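For reference, the structure is listed below as structure tokens.
The values are calculated or read from the model by the stated rules, or taken from the named source; none is laboratory data. None of these values were measured; they are calculated from a predicted model. Don't worry about glycine lacking a Cβ; one is built from the backbone with ideal geometry, like all the others, and counts go over all protein chains shown.
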């Protein structure tokens, strides 16, 4: 299967290298990811172990509240997100698609904050085994993009239509209270309109 240029392993390695140039303090935390990248496996394939690349969407309304969904399988409050799919041209596009699928919020209701290519944050977290899907415990290497909800400053309820087979509920909480770690400060900067990531030419 052909992989879009901006989802290829070569491009992923370039993104991670550029991200670590900006955030060298994150190198130790991403070691398991950079080690996996050196293994030569296709990193956007959900069957790739010990881990693979996923995407996430930070959606913030005009009141500074972050959208979270209650994930049924993981039983946790998370930002919308998931695996890439063949129709995705870029990781940001994949994040928009996952946002629409899980919450019903379409691209017409959000504006991308910050750099359109380089993730706002890269997170590494373990996913427990899922015997029903035949999936062992593995890593998700999550490329996170930030979006502002357009024109829905009160609750955003009018545009949220949950994918109930995977999501139980949703909530809006102050993003500073969401436990985003190092992404909190970067999200605040993006919301303030200061783009801290240098543009990466699309190729």
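Between residues in the range 101-126 that are on the phi > 0 side of the Ramachandran plot and residues that are in a loop (DSSP other than H, G, I, E, B), which pairs lie under 8 Å by C-beta distance while being six or more apart or on different chains?
104/160; 104/161; 104/162; 104/163; 114/120; 114/195; 114/196; 114/197
What residue, among those in the range 23-61 that are exposed (fewer than 14 other Cβ atoms within 10 Å of the Cβ) and within 20 Å of residue 189 (Cα to Cα), is modelled with the highest pLDDT?
So, considering only residues that are exposed (fewer than 14 other Cβ atoms within 10 Å of the Cβ) and within 20 Å of residue 189 (Cα to Cα), the one modelled with the highest pLDDT is 24.
Only one of (1) under 19 Å from residue 93 (Cβ atoms); (2) buried (at least 19 other Cβ atoms within 10 Å of the Cβ) is not met by residue 69, so which one is it?
The single condition residue 69 does not satisfy is (1).
Residue-by-condition table, conditions (1) in contact (Cβ under 8 Å) with a residue 24 or more places away in the chain; (2) more than 22 Å from residue 116 (Cα to Cα); (3) under 17 Å from the mean Cα position of the chain (by Cα):
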position	(1), (2), (3)
45	no, yes, yes
50	yes, yes, no
69	yes, yes, yes
73	yes, yes, no
79	yes, no, yes
84	yes, no, yes
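Is it the case that the range 34-42 has a residue that's under 18 Å from residue 145 (Cα atoms) and either touching a residue at least 24 places away in the same chain (Cβ under 8 Å) or part of a helix (DSSP H, G or I) (or both)?
no
Which ones in the range 100-119 are closer than 25 Å to residue 15 by Cα, in a loop (DSSP other than H, G, I, E, B) and at pLDDT 90 or above?
Result: 117, 118, 119.
Mind checking whether some residue in the range 189-200 is assigned to a strand (DSSP E or B) and either surrounded by 15 or more Cβ atoms within 10 Å (Cβ to Cβ) or at pLDDT 80 or above (or both)?
No, the range 189-200 contains no residue that is assigned to a strand (DSSP E or B) and either surrounded by 15 or more Cβ atoms within 10 Å (Cβ to Cβ) or at pLDDT 80 or above (or both).
Being assigned to a loop (DSSP other than H, G, I, E, B), at negative phi and out of contact with any strand residue (DSSP E or B) (no Cβ under 8 Å at 6 or more places or on another chain) is the filter here; which residues of the range 64-98 pass it?
Within the range 64-98, 85, 86, 87, 88, 89, 90 meet the criteria.
Could you please tell me which pairs satisfy a Cβ distance under 7 Å, a separation of 6+ or placement on different chains, a first residue in the range 174-188 that is touching a residue at least 24 places away in the same chain (Cβ under 8 Å), and a second residue that is buried (at least 22 other Cβ atoms within 10 Å of the Cβ) and part of a loop (DSSP other than H, G, I, E, B)?
Within 7 Å, the pairs are 183/120; 186/120; 187/120.
Output the residues belonging to the range 86-100 that are buried (at least 16 other Cβ atoms within 10 Å of the Cβ) and without any contact (Cβ under 8 Å) to a residue 24 or more places away in the chain.
93, 97, 100, listed by residue number.
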